[in-house]
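Trainee: My structure is below; once you've seen it, I'll send some questions.
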């Protein structure tokens, strides 16, 4: 277990790619997070509403509800939980656009792991 | 043209008819004219001869018929002349009968009868003269005859002589003298014999006188007969009718001349027309040649341009499909790459802080292996496109692999947009196919993209790839949830540059290039209008014919 501000936080990982999901979860697990997963935006929205999720890490392109749709519906319901988008960097959207839509950060694939973890920790710290 | 031919023919016919009419009337006229002229000439001659002969005979008879002179020969001559005249009259009669100149015929006939009478009177005269001559010979005193007025003999002799002289000379003075003597004699009384002789002489004398008078009258009658006048009349009327006929012939001639002129003008007009037409035709031909040459040059130029543009468009279409593919590929690769990157990082971290568990290492490595495999698969699919399809010969490949590789370029996008993509294949094995795999893959991708575009707005989105064995072909059907293509689009959609997509979205080359590729493999690609869903069917021969390697598609 690694000491981290993320410890005990309810984190939702949304990605249609199970391998990527489990790779991210591996790190979050080691930092003591309570992990929730979803493979599309629609499922993710339900989990956010029921489970009291504190941080969302979501892919952009997914079948049945994209990361952008998820972000938009969350912001519409005035929930300002930290939201980090993972993008493939090909014609998805720019970081500026993501920030404008209310996301806290946009990380481009292939993912810089350290940057991602640092960002997530920052989100926890700034939201307190 | 037809009109001119008809006109020409009718002109010729009319022309010929007029010539015939003219010829006919004129020949008739001239033949008859010659005959009639001959006849008139003959009649004139005959009449003239007759008149001459008759007058000669009469004069001879009246003046020189001298019983004292032996003029038997002259008398014979007169008779011959008369006979000749009669014969020629007869001939004339025949000729006039032939020409049916009726009035003149009867005149000649009459004349002939009169000549006959003349002849018979002449015979009577001769007879009487002969008789008187005989009596005179008996008296044998020719001198008395020479000077009948010197009466030296007895009264009886005087009377006989006088009567003879009277008979011979036959003058009215002699007659009156003889009558006076006879009156005196009857008062003197005389013998029966003497009185008989005197009576016979007197009788002959008076007959001669009478005959001479009658001959004279007859001659006058014949000479003054109206036949000449009649001939003249007939001639006149003939000439009238002749001139009438001639004038009609002239009319024909004039008509003919007019027709000739018209015809000539018509021919001239036609010749001018023809000449003009020929000239304009020649001009037009020359122009046409120039025009055709220019147009051909223009066409060649524009064809070159079109070919260049087509090639440019085709290559741009290829590039755009390549770009589409590249986007898909980048996304496909980026995600596994992210996984590997994360995993490797995690592994390094774990190794560094020593918190690593064997189980975790195994888990991470398995994940990395799985992901690299996935990338390898994508890259092996791309390998097709890296090769230059143009020079690649057909090679044995697996249809199954080709389809699966193709799907790796679009699967992600399709799934993302909720399009269900399914391969319906119940066939075992790899489905060996001799082809240029890159091209077949392009065709399938193109059809899949078309389907995707067509159904992206539908509620129900699916695409099925159905594979069937139609030996010696493989049949690949790409069916989507769309409800078919309108008939008017069906007819044109295989043509280059035809597109139903929005401007800028489609090049219109996809289907035509796809069709070309399939045909270059001796296969067929067509739209199956019998199915309720939109379906494109590809038939590909499993093996290429040995001597017909697939042709290139630009």
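The values are calculated or read from the model by the stated rules, or taken from the named source; none is laboratory data. Owing to the predicted nature of the structure, the values given are computational and were not obtained by experimental measurement. Here Cβ is always computed from backbone atoms with ideal geometry, including for glycine, and neighbour counts include all displayed protein chains.
Trainee: Inside segment B:450-468, can you point out the residues that are surrounded by fewer than 20 Cβ atoms within 10 Å (Cβ to Cβ) and either in a helix (DSSP H, G or I) or not assigned by TED's automatic domain parsing to the domain that holds residue B:407 (or both)?
Mentor: Those that are surrounded by fewer than 20 Cβ atoms within 10 Å (Cβ to Cβ) and either in a helix (DSSP H, G or I) or not assigned by TED's automatic domain parsing to the domain that holds residue B:407 (or both): B:452, B:453, B:454.
Trainee: Yes or no: residue B:108 assigned to a helix (DSSP H, G or I), touching a helix residue (DSSP H, G or I) at 6+ places or on another chain (Cβ under 9 Å) and modelled with pLDDT under 75?
Mentor: no
Trainee: Tally the residues that are in a loop (DSSP other than H, G, I, E, B), without any contact (Cβ under 8 Å) to a residue 24 or more places away in the chain and away from chain B (no Cβ under 14 Å), restricting the search to segment A:57-90. Full working, then the answer.
Mentor: Start the filter on segment A:57-90 by keeping residues that are in a loop (DSSP other than H, G, I, E, B), which leaves A:60-66, A:77-82, A:88-90.
Going one step further and asking which of them are without any contact (Cβ under 8 Å) to a residue 24 or more places away in the chain, we end up with A:77-78, A:80, A:89-90.
Narrowing further to those that are away from chain B (no Cβ under 14 Å): A:77-78, A:80.
Number of matching residues: 3.
Trainee: Now a separate question. Within segment B:1-36, how many residues turn out to be modelled with pLDDT of 80 or more and closer than 22 Å to residue B:107 by Cα?
Mentor: Of the residues in that region, 0 qualify.
Trainee: Among the residues of segment A:102-113, are any away from chain B (no Cβ under 12 Å) and in a helix (DSSP H, G or I)?
Mentor: Within segment A:102-113, none of the residues are away from chain B (no Cβ under 12 Å) and in a helix (DSSP H, G or I).
Trainee: Among the listed residues A:19, A:54, A:97, A:39, which satisfies the condition of being away from chain B (no Cβ under 14 Å) and buried (at least 19 other Cβ atoms within 10 Å of the Cβ)?
Mentor: Values: A:19 fails: away from chain B (no Cβ under 14 Å); A:97 fails: buried (at least 19 other Cβ atoms within 10 Å of the Cβ); A:39 fails: away from chain B (no Cβ under 14 Å).
Criteria check complete, one pass: A:54.
Trainee: Which number in (1) in contact with a helix residue (DSSP H, G or I) (Cβ under 8 Å, 6 or more places away or on another chain); (2) within 24 Å of residue B:418 (Cα to Cα); (3) surrounded by 19 or more Cβ atoms within 10 Å (Cβ to Cβ); (4) at pLDDT 90 or above marks the one condition that residue A:88 misses?
Mentor: The single condition residue A:88 does not satisfy is (4).
Trainee: If you don't mind, another one. Any idea which of B:338, B:330, B:367 is part of a helix (DSSP H, G or I), within 9 Å of chain A (Cβ to nearest Cβ), modelled with pLDDT under 85 and surrounded by 14 or more Cβ atoms within 10 Å (Cβ to Cβ)? Steps first, please.
Mentor: Working: B:338 fails: modelled with pLDDT under 85; B:367 fails: modelled with pLDDT under 85.
None of the other options fit; the residue is B:330.
Trainee: Further question: Do the conditions hold for residue A:29, that is, is it surrounded by fewer than 17 Cβ atoms within 10 Å (Cβ to Cβ), within 14 Å of chain B (Cβ to nearest Cβ) and over 13 Å from the mean Cα position of the chain (by Cα)?
Mentor: Criteria met by residue A:29.
Trainee: For segment A:41-48, does any single residue satisfy the condition of being outside any helix (DSSP H, G or I), more than 22 Å from residue B:374 (Cβ to Cβ) and free of Cβ contacts under 8 Å to residues at least 12 places away in the same chain? Full working, then the answer.
Mentor: Residues of segment A:41-48 that are outside any helix (DSSP H, G or I), as a first pass: none.
Within segment A:41-48, not a single residue is outside any helix (DSSP H, G or I), more than 22 Å from residue B:374 (Cβ to Cβ) and free of Cβ contacts under 8 Å to residues at least 12 places away in the same chain.
Trainee: Also, I was wondering about something else. Do we have any residue at all in segment A:111-127 that's surrounded by fewer than 19 Cβ atoms within 10 Å (Cβ to Cβ), within 23 Å of residue B:410 (Cβ to Cβ) and modelled with pLDDT under 85?
Mentor: Checked segment A:111-127: no residue is surrounded by fewer than 19 Cβ atoms within 10 Å (Cβ to Cβ), within 23 Å of residue B:410 (Cβ to Cβ) and modelled with pLDDT under 85.
Trainee: If I ask for residues that are in contact (Cβ under 8 Å) with a residue 24 or more places away in the chain and within 14 Å of chain A (Cβ to nearest Cβ), which ones from segment B:415-439 would you list?
Mentor: B:417, B:418, B:419, B:420, B:421
Trainee: Looking at segment A:1-16 only, could you name the residues that are in a loop (DSSP other than H, G, I, E, B), more than 10 Å from every other protein chain (Cβ to nearest Cβ) and either in contact with a helix residue (DSSP H, G or I) (Cβ under 7 Å, 6 or more places away or on another chain) or surrounded by 20 or more Cβ atoms within 10 Å (Cβ to Cβ) (or both)?
Mentor: A:4, A:5, A:6, A:9
Trainee: Among the residues in segment B:512-520, are any surrounded by 14 or more Cβ atoms within 10 Å (Cβ to Cβ) and modelled with pLDDT under 75?
Mentor: No.
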